[in-house]
Amino acid sequence: MSTPKINKKDDQKAEDVVLDMTLRPTRWDEYIGQKHIKDNVKILLQAAEERGHIPEHILFYGPPGLGKTTLAHLIAKETGRQMKITSGPAIEKVGDLASILTNLAPGDILFIDEIHRLNKMVEEILYPAMESGVLDIIIGKGPSARTIQLDLPPFTLIAATTRVALISSPLRSRFSGGTFRLEFYSNEEIAKIIERSSKLLNVLLEKDALEEIAKRSRFTPRTANYFLKRARDFAQVSKKIDKKSLDKKIVKEALNMLAVDDIGLNSSDRKFLEILIEKFKGGPVGLKTMAAAMSEEEATVEEVIEPYLIQLGLLERTARGRVATKKAYEHLEFDLKKGQEKLL
């Protein structure tokens, strides 16, 4: 009898999922940052509880990794409700949504991630469910078709998206509890998150090592936790760890191996800037041209690569196209004067 092969990549992925759940805050005081959202949501939940009602529908939006799903989990925890989790792409047909909604218990929370990817037919079924608590089902086709209404148990929809502009106005307007944008974190907030995570992982982290991870973490908690886990793994495998203590040197070696530089740029970010400066003389250049030059999809360039470069002041989006800033030349150690001469 042959022994089944163990896929190390699958094991690593499963371990990361478990660790992510471990690092996820379970109380409001453990959730660092986004104070304006926490304050508003607490009032919403307390008011609903005092009235004996379920909380109204809520929409969270913002870049990936900032804590939208974590906020949904915290709301479920605070209200003592069961939460059913799905995503926009997973709800392919009207029947899929109908099955989910009819299986909710009174007071349940339905969390839909990436809700902007719902198809229009499914979205239209969601309108009366959110607004009136009913499910409209069409039976039959053609002239003999008829519509019946099913009463749904009262529920709270919490939705998350990275692209709020792709959500239709009718759907956005039905989030009566509020629409909240998650902002990027400060380095100080990221440092607090890393400090908490290191304690949960039972890893001793020196102050300068903590600051090194924080400044490369792209102002994003998910990235910070990922870097912390990989630094721990690197130290363990390279036998450079002593009593599970990580210093700045170990962290730098680990992050350099991941091709993450001193300000958090990865290889794709640097490739973008190098192409923009070397091939296109610093710009301006259009999105389609940049995507073709990088052999990347336009959406990846616009939504994944460019936002952080703009945040750091390395890139400008102008009416004529993308333009590299003086700071980009300096970071890549290009001679700005020579770069400007090429434009003449």
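Before moving on, here are some points about what is shown:
- For the stretch 187-258, the calculated P(r), taken from all Cα-Cα distances in 5 Å bins from zero up to the bin holding the longest distance, is 3, 20, 35, 27, 12, 3, 0 percent.
- Förster-model FRET efficiency, 51 Å R0, Lys288 and Arg51, C-beta, rounded to 0.05: 0.45
- Considering all C-alpha pairs of the stretch 267-332, those separated by over 17 Å amount to 27%.
- Range of Cα positions in the chain per principal axis (Å), largest first: 73, 58, 57
- Enclosed volume per residue, in Å³, of the convex hull spanned by Cα atoms of the stretch 34-181: 106
- Dipole of the chain, positive direction: furthest Cα of Leu273, Thr179, Ile112, with charges on the beta-carbon: Leu273
- Test item: Cα-centred dipole of the chain, Lys/Arg +1 and Asp/Glu -1 on Cβ, debye: 560
- Greater than 28 Å apart at Cα, pairs in Lys68/Lys288; Lys38/Lys192; Lys279/Lys327; Lys120/Lys229; Lys35/Lys249; Lys84/Lys215: Lys68/Lys288; Lys120/Lys229; Lys35/Lys249; Lys84/Lys215
- Ligands, DNA and RNA are left out, and with a 1.4 angstrom probe the accessible area of the stretch 187-258 is 53 Å² per residue.
- Residue-averaged [θ]222 nm for the chain, counting only DSSP H segments that reach four residues, each worth -39500 (n - 2.57): -14000 deg cm²/dmol
- Applying a DSSP loop filter and a limit of 13 other Cβ atoms within 10 Å to the GluC sites (Glu not before Pro) in the stretch 225-333 leaves Glu297, Glu333.
- Fraction of antiparallel bridges per DSSP, the chain only, in percent to nearest 5: 40
- Extension gain, Glu298 to Thr102, is 66.7 nm, computed as 0.36 nm per intervening residue step minus the present C-alpha separation.
- Heavy-atom accessible area with a 1.4 Å probe sorts His53, His36, largest first, into His53, His36.
- If you plug the beta carbon distance of Lys199 and Asp136 into 1/(1 + (r/R0)^6) with R0 = 45 Å, you get a FRET efficiency near 0.35.
- The charge dipole of the stretch 187-258, taken about its Cα centre with unit charges on the Cβ of Lys, Arg, Asp and Glu (plus for the first two, minus for the last two), comes to roughly 220 debye.
- On Cα atoms only, tilt of 68-79 relative to the major axis of the chain in degrees: 40
The values are calculated or read from the model by the stated rules, or taken from the named source; none is laboratory data. All values reported here derive from a predicted model rather than from experimental measurement. Backbone-built Cβ (ideal geometry, glycine too); neighbour counts: all protein chains shown. For accessibility, only protein heavy atoms count, side chains too; no ligands or nucleic acids. Shrake-Rupley method; radii C 1.70, N 1.55, O 1.52, S 1.80 Å.
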